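Since every read-out is calculated from the coordinates, none of them should be taken as a lab result. Since this is a predicted model, take the numbers as computed values, not measurements. Here the Cβ positions follow ideal geometry from the backbone for every residue, glycine too, while neighbour counts run over all protein chains shown.
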Amino acid sequence: AVVSTQSTGEDDLDIVKLDKLSRVLAILNPDDSKFWNHRKRQFLKHPTSSLLKSELDLSATSLKLKPKSAEPFNHCRWLLGKNPNAITEQEMTSQLTMCETAAEAYAHNYYAWTYRLWLLNNFPQFISLNEELECSRKWLETHISQFSAMNYRFQLLRLIVENPPSEEISKNYDIKEERCRVFTSEVSLVSELVMFYPETESLWCYLKLLVMFCDHQTIDYVKHCKKKFSGLEKLDNRFALRFKETIIAANFF
């Protein structure tokens, strides 16, 4: 009640004290949007680069206490959306580290991965797709039940295929062939993980996503999938049965 959305309440308080109070409350209770909204209003009055950095750091601090809180991520998204030219390579590294730390601290952290995807889509000049691909591969191999991370990797693969380097375009780049190459490799990776962890539903869901996305008319891709799936036929759990039913119903083979 102290940090009110009513301007009359704010006028009666010392601005410095109110700033400190909202900072503490945002850290202790980051799910309450009114604290962040107050800080947004204050930022708009003095939108300096130092204050931007301070607000981003505040969000990172609050996530250390409550890593699966949406509001700190929303605050960062709002700040960077309002100041896209203020982002630097160093700050982008900090933002990606914040996402990884939050995802590591709280399993199935949807907010961390969707914010990371937002960064990727809005600031591609600061993010290496190949480095992200390698980073997400290592994450996938050690966090096999986190579908939010798998969805991020799937979107990353799509970006790699649909946005080739300029030098590739001049070499008669074939998006169909590149899609086959990229997703063939991914099917191999996930199929091997499924063999090791057959009771992990998220892996089966991700494998289904990979299969249904690719062009079914790509002969090499279909052959590769058949080869990989033949090894999965001996698995007889409920996830394997659902997977088989899905690809049969879709006339994949």
>> Pairs of alpha-carbon atoms within less than 8 angstrom and 6+ residues apart define the contacts here; what relative contact order does the chain have, in percent?
In response: 12 percent
> Straight-line reach from Lys34: which aspartates and glutamates have Cα under 20 Å away, leaving out those fewer than 8 places along the same chain?
Replying inline: Glu10, Asp11, Asp12, Asp14, Asp19, Glu55, Asp57, Glu71
>> Per 0.36 nm of contour for each residue apart, how much would the distance between Asp220 and Asn74 grow if the chain were fully extended, relative to their Cα-Cα spacing?
In response: 48.3 nm
> Amide H of Ser69: which non-local residues (sequence gap of 5 or more, or other chain) have their own amide H closer than 5 Å, using H built in the peptide plane?
Replying inline: none
> Between the helical axis of 175-196 and the dominant principal axis of the chain, each derived from Cα atoms, what acute angle in degrees is found, rounded to the nearest 10?
Replying inline: 90 degrees
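For every other residue with a beta carbon closer than 12 angstrom to the beta carbon of Ile27, add +1 if it is Lys or Arg and -1 if Asp or Glu, then tell me the sum.
Surrounding charge for Ile27 is +1.
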>> At 0.36 nm per residue, and after removing the present C-alpha to C-alpha distance, how many nm does the segment from Glu134 to Tyr197 gain when stretched out fully?
In response: 20.6 nm
> Of all the C-alpha pairs in the range 60-186, what % are more than 23 Å from each other?
Replying inline: 36 percent
>> Please enumerate, by chain and number, the lysines with C-alpha under 17 Å from the C-alpha of Lys223, excluding those fewer than 8 residues away in the same chain.
In response: Lys176, Lys208, Lys244
>> Give me the Å³ per residue figure for the convex hull around the C-alpha atoms of the chain.
In response: 145 Å³
> What full-extension length gain, to one decimal in nm, is calculated for Thr61 and Ser49 as 0.36 nm per residue of separation minus the Cα-Cα distance?
Replying inline: 2.5 nm
> Measuring from label point to label point, each 7 Å out along Cα→Cβ, what is the Ala105 to Asn83 span in nm?
Replying inline: 2.2 nm
>> At q = 0.18, 0.30, 0.32 Å⁻¹, what log₁₀ I(q)/I(0) does the range 23-67 have when each alpha carbon counts as one equal point scatterer in the Debye sum?
In response: -0.49, -1.11, -1.18
> What FRET efficiency comes out for the pair Phe123/Lys34, r = Cβ-Cβ distance, R0 = 22 Å, nearest 0.05?
Replying inline: 0.20
